[in-house]
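The values are calculated or read from the model by the stated rules, or taken from the named source; none is laboratory data. As the structure is a prediction and not an experimental result, all values here were calculated from the model. Here Cβ is always computed from backbone atoms with ideal geometry, including for glycine, and neighbour counts include all displayed protein chains. What goes into the accessible areas is simple: the full protein's heavy atoms, side chains included, and nothing from ligands, DNA or RNA. Shrake-Rupley method; radii C 1.70, N 1.55, O 1.52, S 1.80 Å.
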Amino acid sequence: MTGSQLIIFDCDGVLVDSEPLAVLAYERVYERHGMPGVGVDIISQCFGMKQADIIARIKELTGHQYPDHAPDDLWTETKALFTERLEPTAGLPDFLSGLKIDRCVASSSSLERIHHSLDVTRIASHFGDAIFSSSMVRHGKPAPDIFLFAAEKMGADPADCVVIEDSPFGVEGAVAAGMTAIGFTGGSHSYDGHGERLLSSGATVISSSWTGVATELEKLGFRLA
């Protein structure tokens, strides 16, 4: 790492412990519209995707077609759950408070959801305007578009970027962008074999804690302080 070093954070499941709440939101909304069975076993296959791709994947897996007349129901339910219960992942505030290096967020979620997540967990000040959504690019993860877009906007070469990701799709996108990926398994949605899936998707290393992430970043030559 010799250029302008940049850490790119995924949001859901990395910065904020949101995935169990997101699963609950999908389950409630689909059941409300007469389509039961959209639980963790289905949604866990969609972690890292943007909402339109998740809805398409749910249809592939279950045959359920999300109703066109209810476009805002998922976000309304998710927002209410996030406002009431969302927390940062364990140890994150301390990690961010000591971080001096350039950083940004690159997420599959909408800008509104990202900003809400960072606001309710009180970590928005660590990122300022350096927040990028897949809605800003043509293809969502596992395509590399969002990561390349973020690096360009932040003035960093992809080779000098490390991406912190919890989903195989995100790791694949980071690797396709020519970046180093650290697989994060510190969210409450992590499962047996999670780390192995991230490694098989191209992550250089995995970590279940932010102290571990800091250690791995230093091994990669990142000057964190």
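For the residues THR211, THR180, THR185, THR121, the requirement of being under 20 Å from LEU86 (Cβ atoms), polar (S, T, N, Q) and in contact with a helix residue (DSSP H, G or I) (Cβ under 8 Å, 6 or more places away or on another chain) singles out THR185. Quickly run through region 25-39 and pick out the residues that are part of a helix (DSSP H, G or I) and touching an Asp or Glu at 6+ places or on another chain (Cβ under 8 Å). ALA25, ARG28, VAL29, ARG32 - these are the residues of region 25-39 that are part of a helix (DSSP H, G or I) and touching an Asp or Glu at 6+ places or on another chain (Cβ under 8 Å). What are the residues in region 101-126 that are open to solvent by 30 Å² or more (accessible area, probe 1.4 Å) and more than 26 Å from PRO144 (Cα to Cα), if any? Result: ASP119, VAL120, ARG122, SER125. Restricting region 54-94 to residues that are within 20 Å of the chain's Cα centre (by Cα) and more than 22 Å from GLY187 (Cα to Cα) leaves a set whose member that is least open to solvent (accessible area, probe 1.4 Å) is ILE58. Across region 165-176, the qualifying residues are those that are open to solvent by less than 10 Å² (accessible area, probe 1.4 Å), of a type outside the set (Val, Ile, Thr) and modelled with pLDDT of 95 or more, and the one among them that is nearest to ALA214 (Cα to Cα) is GLU165. Taking region 1-29 as the range and being more than 22 Å from SER188 (Cβ to Cβ), at pLDDT 95 or above and not β-branched (Val, Ile, Thr) as the test, only LEU6 passes. Scanning region 55-66 turns up at least one residue that is at pLDDT below 95, under 22 Å from ILE146 (Cα atoms), among the aliphatic types (A, V, I, L, M) and part of a helix (DSSP H, G or I).
Residues of region 128-164 that are in a loop (DSSP other than H, G, I, E, B) and open to solvent by less than 20 Å² (accessible area, probe 1.4 Å): ALA130, GLY140, LYS141, ALA156.
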